[in-house]
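Step one of this worksheet: look at the structure below.
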Amino acid sequence: MKTSHNYLLSVLLLTSVLGACSKSDKPDEVTPPPLPPPVTPTDTITTLKGAATFPIGFGIDYSPFMYDQSYKGTVVREGDNVTFGYDMKHGAIVRNDGTFDFTRADALFNSATNAGLQVFGHTLVWHQNQNATYLKSLVSGTVVGPNVLLNGDFESGSGNDFTNWSKYNGAASISAGSGAGEVRNGTRSFKAATATNGDYWSVQLASDLFNTTVGTTYKISFWIKAAAANGKMRISTGKTASYSPDFATTTGWSLVEWTFPAKDDESRILFDMGGTSNTYFIDDVTVTSLTATNGGTISSEEVAKVDTAMSRFIRASMLRYAGKAKAWDVVNEPMSDGTGALRNESNTNVPAGATDYFMWTKYLGRDYALKAFQYAKNADPGALLFINDYNLEYSTRKLDSLIAYVTYLKGKGAPIDGIGTQMHMSISTSQAAIIDMFRKLAATGLKIRVSELDIRVNPSDQAGFTATATVLTQQSDMYNFIVKSYIQNVPEAQRHGLTIWGVTDADSWIVNYMKKTDFPLLFNSNYSKKPAFEGMLNALKGK
């Protein structure tokens, strides 16, 4: 159920689904597809949850559950638990000023739990359905991180000496600038008057050592002017030397910025002024640590703001439902399609006009999920914590990449309890691939849940499609096969349940939001049971 933005992963077989969500329950009126041929179930008494030895859930939306008694009644009769399509997500709860509004989430949560249903928390950290307006407001524009350099404005000191700075070479050429023509801010600047062209290091002012993290990128920013045109200068670093390119100067104040990777746990900067004869003035120097990602640089202040935004939302959500929501999708859809790499801005298709995308990896890097699981565990130590993704039965590369990432996270101490496989599929999906997926997921030793199951009968989007008895039988057989494969390949102690993503064909996200003609669920639009229902029920009964 998504108002926006799913990927087409197979032009012949599958419409890939991120699943999971919608920004509203009904974006516009959709004409439901015609009812398939009626069937008479052979078992009219046994419910899905009554036949199952593990939890059975449904993905639900706010309006039909709150106002349609047939919809709600079907879910309560057949299921143990529900997952909200949208109302527990960041975009549903976080306002543009960063405050939280749980009004709808609370109402739906209370309605579900009062009806005897458990609520599976979904989802805390995702790249979609975010309030990206708020998140991007934290990192928009030029944000300067903490300045690690002391006395970068040269105000402290006396005479021609500067506190926290040392004259390494050419001391006679170094003095304090003063007056409006020599100072950009305050009353003092660093002034270097070089009489002849020489080696850059022949006139050199060095800062005190400051703490740095090896491998982290740092940005030096300063303002410079010269008394005459055609000046040049350079920056170098210590303890281990790095050298900037030559910077040309003008007779007006201009901003110079240069980045360098820290090679030591302490570093200093040196202004190398002896290369070209001129009189130079430097003021307002800062050194800021940066985090490099996707070819760009992000300030440490931006990283901190995004980190705080993530932890605040996780903590607020989990504390609100602590002891009530027993399990959560902490991280949703971390792996990209195609290569199976960790999702980022370069490997994720953001549709034109989409406003709800935000890539946590851009600011928090590969360990964003580690942070998310740690924050979640701290907020509610008793909750089970899951990572969730789609097309794992379709793409071996994506499946293997997710398992490798989970292994990496667990190795760093991430408290991951389980993996969710969404399984938005079709009647043409390879059964061998499904078996392989369940076996590989089970081999992790974690709890495994089928989190968003639906099965398309018209995956190639044929015009004028009608659901014949033949395709409905194929769909029934596939539901039956999936449940049996889950039982056969996932040990009982690891089975955390199976959730159907929707109730009737008419309210399926594939019909309502993808605008497809299809019949992917267990019930017709009039809430009558389809062959798919009986196929799933039989598998739960061991048939």
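The values are calculated or read from the model by the stated rules, or taken from the named source; none is laboratory data. Worth saying up front: this structure is predicted, and the values here are computed from it rather than measured. Cβ sites come from the backbone with ideal geometry, for glycine too, and all protein chains shown count toward neighbours. Side chains included, ligands, DNA and RNA excluded: accessible areas come from the protein's heavy atoms. Shrake-Rupley method; radii C 1.70, N 1.55, O 1.52, S 1.80 Å.
Consider Asp87 against the criteria (1) modelled with pLDDT of 95 or more; (2) more than 30 Å from Leu138 (Cα to Cα): it satisfies all of them except one. Which criterion is unmet?
(2)
Yes/no matrix, rows are residues, columns are (1) of a type in the set (S, T, N, Q); (2) more than 28 Å from Ile482 (Cα to Cα):
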{"residue": "Thr348", "(1), (2)": "yes, yes"}
{"residue": "Met359", "(1), (2)": "no, yes"}
{"residue": "Gly382", "(1), (2)": "no, yes"}
{"residue": "Asp389", "(1), (2)": "no, no"}
{"residue": "Glu393", "(1), (2)": "no, no"}
{"residue": "Leu399", "(1), (2)": "no, no"}
{"residue": "Ala404", "(1), (2)": "no, no"}
{"residue": "Ala414", "(1), (2)": "no, yes"}
{"residue": "Gly418", "(1), (2)": "no, no"}
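In region 517-533, which residues are among the aromatic types (Phe, Trp, Tyr) and either farther than 16 Å from Ser426 by Cβ or touching a Cys at 6+ places or on another chain (Cβ under 6 Å) (or both)?
Residues of region 517-533 that are among the aromatic types (Phe, Trp, Tyr), as a first pass: 519, 523, 527, 533.
Scanning region 517-533 gives Phe523, Tyr527, Phe533.
Would you be able to say whether some residue in region 168-191 is modelled with pLDDT of 95 or more, within 44 Å of the chain's Cα centre (by Cα) and charged (D, E, K, R)?
Checked against the condition, which is being modelled with pLDDT of 95 or more, within 44 Å of the chain's Cα centre (by Cα) and charged (D, E, K, R), region 168-191 yields no hits at all.
When you scan region 148-161, do you find a residue that is within 22 Å of Tyr368 (Cα to Cα), in contact (Cβ under 8 Å) with a residue 60 or more places away in the chain, in a loop (DSSP other than H, G, I, E, B) and touching a Phe, Trp or Tyr at 6+ places or on another chain (Cβ under 6 Å), even just one? Give the derivation first.
Going through region 148-161, the residues within 22 Å of Tyr368 (Cα to Cα) turn out to be none.
Scanning region 148-161, I find no residue that is within 22 Å of Tyr368 (Cα to Cα), in contact (Cβ under 8 Å) with a residue 60 or more places away in the chain, in a loop (DSSP other than H, G, I, E, B) and touching a Phe, Trp or Tyr at 6+ places or on another chain (Cβ under 6 Å), so the answer is no.
Regarding Thr251, is this residue open to solvent by 30 Å² or more (accessible area, probe 1.4 Å), of a type in the set (Ser, Thr, Tyr) and either touching a Leu at 6+ places or on another chain (Cβ under 6 Å) or more than 19 Å from Gly181 (Cα to Cα) (or both)? Please lay out each step first, then the result.
On the way: open to solvent by 30 Å² or more (accessible area, probe 1.4 Å): yes; of a type in the set (Ser, Thr, Tyr): yes; either touching a Leu at 6+ places or on another chain (Cβ under 6 Å) or more than 19 Å from Gly181 (Cα to Cα) (or both): no.
Considered against the rule, which asks whether it is open to solvent by 30 Å² or more (accessible area, probe 1.4 Å), of a type in the set (Ser, Thr, Tyr) and either touching a Leu at 6+ places or on another chain (Cβ under 6 Å) or more than 19 Å from Gly181 (Cα to Cα) (or both), Thr251 comes out as no.
Can you pull out the helices (runs of 4 or more DSSP H) entirely within region 304-412 that have at least 1 residues that are closer than 24 Å to Asp87 by Cα?
Details: elements: 360-364, 368-379, 396-411.
Ranges flagged: 360-364, 368-379.
Can you name the residue in region 217-235 that is charged (D, E, K, R) and modelled with pLDDT of 90 or more and, of all such residues, is surrounded by the fewest Cβ atoms within 10 Å (Cβ to Cβ)? Spell out how you get there, then give the answer.
Start the filter on region 217-235 by keeping residues that are charged (D, E, K, R), which leaves 219, 225, 232, 234.
Retained after the next criterion (residues that are modelled with pLDDT of 90 or more): 225, 232, 234.
Working: Lys225: 21, Lys232: 18, Arg234: 20.
Once the filter is applied, the top-ranked residue is Lys232.
Counting only residues that are part of a helix (DSSP H, G or I), open to solvent by less than 40 Å² (accessible area, probe 1.4 Å) and within 23 Å of Val82 (Cβ to Cβ), how many does region 482-519 have? So that I can check it myself, show each step before the final result.
Taking region 482-519 and keeping what is part of a helix (DSSP H, G or I), we get 482-489, 492-494, 505-507, 509-512.
Next, from what is left, pick out any that are open to solvent by less than 40 Å² (accessible area, probe 1.4 Å): 482-483, 485-486, 489, 494, 505-507, 509-512.
Within this subset, residues satisfying the condition of being within 23 Å of Val82 (Cβ to Cβ) are 482-483, 486, 494, 505-507, 509-512.
Counting residues in region 482-519 that are part of a helix (DSSP H, G or I), open to solvent by less than 40 Å² (accessible area, probe 1.4 Å) and within 23 Å of Val82 (Cβ to Cβ) gives 11.
So which of Pro351, Pro334 ends up being touching a Ser or Thr at 6+ places or on another chain (Cβ under 9 Å), touching a residue at least 24 places away in the same chain (Cβ under 8 Å) and open to solvent by 30 Å² or more (accessible area, probe 1.4 Å)?
Values: Pro334 fails: open to solvent by 30 Å² or more (accessible area, probe 1.4 Å).
Of Pro351, Pro334, the one residue that is touching a Ser or Thr at 6+ places or on another chain (Cβ under 9 Å), touching a residue at least 24 places away in the same chain (Cβ under 8 Å) and open to solvent by 30 Å² or more (accessible area, probe 1.4 Å) is Pro351.
Could you tell me which numbered condition Ala172 fails, if it satisfies all but one of (1) outside any loop (DSSP other than H, G, I, E, B); (2) hydrophobic (A, V, I, L, M, F, W, C); (3) in contact (Cβ under 8 Å) with a residue 12 or more places away in the chain?
(3)
Looking only at region 257-275, which residues are open to solvent by 10 Å² or more (accessible area, probe 1.4 Å), in contact (Cβ under 8 Å) with a residue 40 or more places away in the chain and in a strand (DSSP E or B)?
Taking region 257-275 first, the residues open to solvent by 10 Å² or more (accessible area, probe 1.4 Å) are 257-259, 261, 263-266, 268, 270, 275.
Among the residues that remain, those that are also in contact (Cβ under 8 Å) with a residue 40 or more places away in the chain are: 259, 261, 263-266, 268, 270, 275.
Thr259, Pro261, Glu266, Arg268, Leu270 - these are the residues of region 257-275 that are open to solvent by 10 Å² or more (accessible area, probe 1.4 Å), in contact (Cβ under 8 Å) with a residue 40 or more places away in the chain and in a strand (DSSP E or B).
Tell me which residues, restricted to region 192-214, are within 31 Å of the chain's Cα centre (by Cα) and open to solvent by less than 60 Å² (accessible area, probe 1.4 Å).
Residue satisfying the conditions is Thr212 alone.
Of Ser311, Ser242, which residue is free of Cβ contacts under 8 Å to residues at least 24 places away in the same chain and touching a Phe, Trp or Tyr at 6+ places or on another chain (Cβ under 7 Å)? Don't jump to the end; show me each part of the working.
Numbers: Ser311 fails: free of Cβ contacts under 8 Å to residues at least 24 places away in the same chain.
Criteria check complete, one pass: Ser242.
I need the full set of residues from region 520-543 which are among the aromatic types (Phe, Trp, Tyr) and open to solvent by less than 10 Å² (accessible area, probe 1.4 Å), in order please. Before you say what the answer is, go through the steps one by one.
From region 520-543, those among the aromatic types (Phe, Trp, Tyr) are 523, 527, 533; that's our starting set.
Scanning region 520-543 gives Phe523, Phe533.
What are the residues in region 415-469 that are outside any helix (DSSP H, G or I), surrounded by fewer than 16 Cβ atoms within 10 Å (Cβ to Cβ) and at negative phi, if any?
Ser430, Ala443, Ser460, Gln462, Ala463, Thr466, Thr468, listed by residue number.
Quick check on my filter: what residues within region 203-216 are small (Gly, Ala, Ser) and modelled with pLDDT under 95? Spell out the reasoning first.
To start, the set of residues in region 203-216 that are small (Gly, Ala, Ser) comprises 206-207, 215.
Hit for region 203-216 is Gly215, nothing else.
Give the number of residues within region 148-187 that are open to solvent by 70 Å² or more (accessible area, probe 1.4 Å), more than 18 Å from Gly252 (Cα to Cα) and among the polar types (S, T, N, Q).
Residues flagged as open to solvent by 70 Å² or more (accessible area, probe 1.4 Å), more than 18 Å from Gly252 (Cα to Cα) and among the polar types (S, T, N, Q) within region 148-187 amount to 2.
When the residues of region 254-294 are narrowed to those that are aromatic (Phe, Trp, Tyr) and closer than 15 Å to Gln204 by Cα, which ends up farthest from the chain's Cα centre (by Cα)?
Kept after step one, since they are aromatic (Phe, Trp, Tyr), are these residues of region 254-294: 258, 260, 271, 280-281.
Subsequent filtering for residues that are closer than 15 Å to Gln204 by Cα retains 271, 280-281.
On the way: Phe271: 41, Tyr280: 47, Phe281: 45 Å.
Restricting to residues being aromatic (Phe, Trp, Tyr) and closer than 15 Å to Gln204 by Cα, the top hit is Tyr280.
Just the residues that are buried (at least 16 other Cβ atoms within 10 Å of the Cβ), in a strand (DSSP E or B) and within 20 Å of the chain's Cα centre (by Cα), please, taken from region 74-110. It would help to see each step written out before you state the result.
At the first step, the residues of region 74-110 found to be buried (at least 16 other Cβ atoms within 10 Å of the Cβ) are 74-76, 78-94, 102, 104-105, 108-109.
Still in the list and also in a strand (DSSP E or B): 81-84, 94.
Thr83, Phe84, Val94 - these are the residues of region 74-110 that are buried (at least 16 other Cβ atoms within 10 Å of the Cβ), in a strand (DSSP E or B) and within 20 Å of the chain's Cα centre (by Cα).
Suppose the filter is over 18 Å from Thr499 (Cα atoms) and open to solvent by less than 10 Å² (accessible area, probe 1.4 Å); does Ala369 pass it? Lay out the reasoning, then the answer.
Numbers: over 18 Å from Thr499 (Cα atoms): yes; open to solvent by less than 10 Å² (accessible area, probe 1.4 Å): yes.
So Ala369 fits the description; yes.
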